[in-house]
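Let me begin by presenting the structure, written as structure tokens, before commenting on it.
Computed from the coordinates by the stated procedures, all read-outs in this text should not be read as laboratory data. These figures come from a predicted structure and were not determined experimentally. All Cβ positions, glycine included, derive from the backbone under ideal geometry; neighbour counts span all protein chains shown.
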Amino acid sequence: MKTLIVLGGSSDIIKHTLPLILDQFDKIILQHSGSNPNFEGLIIKEIKEIKEIEKKKEFIEDKIQTIKADFSSKQGIDQWIDLVKLQCDVPTAIIHACAPKLKLLRLKEISYDTLLEEFNVQYYSFSATVSSFGPKMQKAKNGKIVIVGSSSTIGVPPAFLSHYVSMKYALLGLCKSLAAEMSTYGIQVNTVSPSLMETKFLTNIPEKFSELAAEKNPTKKNLDCKSVANLISFLLSEKCSGITGANFPITNGETF
């Protein structure tokens, strides 16, 4: 059984990615931290609307399973792993798309709790998941792992986001280290690094920040989630081979 594990299942990137990869997997396990008790139903509804397929034809409800997990603490991450183990033995692929909502902070305003949240949500949740399931993927000598990074790791990063950017650099380092460890087992590990996108991830950011980012981009607009979803879909597909340890900027030419 081909199983995909997704950390950050409620992100807008994942919502655009799922319809593209639905046919590649028998089971998709989505992590979310939202309070909506009908999260799974909403995701299924959105996929049907985008893909325009009938329930009886694709059995979407049988493919998608959601797990509510709070990644801001080690306890929540440990519980997530235990719950996933009940649903999956050996995953075929893993997508990591988790990060706390963006907030602008000067260095002196960044507390220990803020850094700990960034570390747990962005880095440790993914590291612990791969640590738990990676050995079995290696034994199976098959698998693909995709990390959603940020173009802030390319060129000059934006100001007032050191707490966020630091963890993206850490993830990029982990991507390359995992690629070095897992390449002999046929497992591909890659990062996609988009520039700013218009998503709910920006709800805590002043609108002016988004406007300035768009003005800076050569296209005079912020990135569309679909561009990122298309690349993730390719990296998870059978057409993708021989690519590992790479960091793919998706920026409309802003950075490369």
> Of Lys45/Lys144; Lys2/Lys220; Lys103/Lys239; Lys74/Lys176; Lys108/Lys144, which pairs sit farther than 32 Å apart, going by alpha carbon to alpha carbon?
Replying inline: Lys2/Lys220; Lys103/Lys239; Lys108/Lys144
>> Quick check: residue separation of Asp224 and Ile81 times 0.36 nm, minus the Cα distance between them. What number comes out in nm?
In response: 48.3 nm
>> Based only on Cα atoms, what mean projected area does the convex hull of the chain have, in nm²?
In response: 13.6
>> Treating only the Cα positions of region 104-212 as identical point scatterers, give the base-10 log of I(q)/I(0) from the Debye formula at each q in 0.18 Å⁻¹.
In response: -0.95
> How high is the FRET efficiency from Ala180 to Lys74, r the C-beta distance, R0 30 Å, rounded to 0.05?
Replying inline: 0.70
>> If each DSSP helix of 4+ residues adds -39,500 (n - 2.57) and the sum is divided by the residues in the chain, what number results at 222 nm, nearest 500 deg cm²/dmol?
In response: -13000 deg cm²/dmol
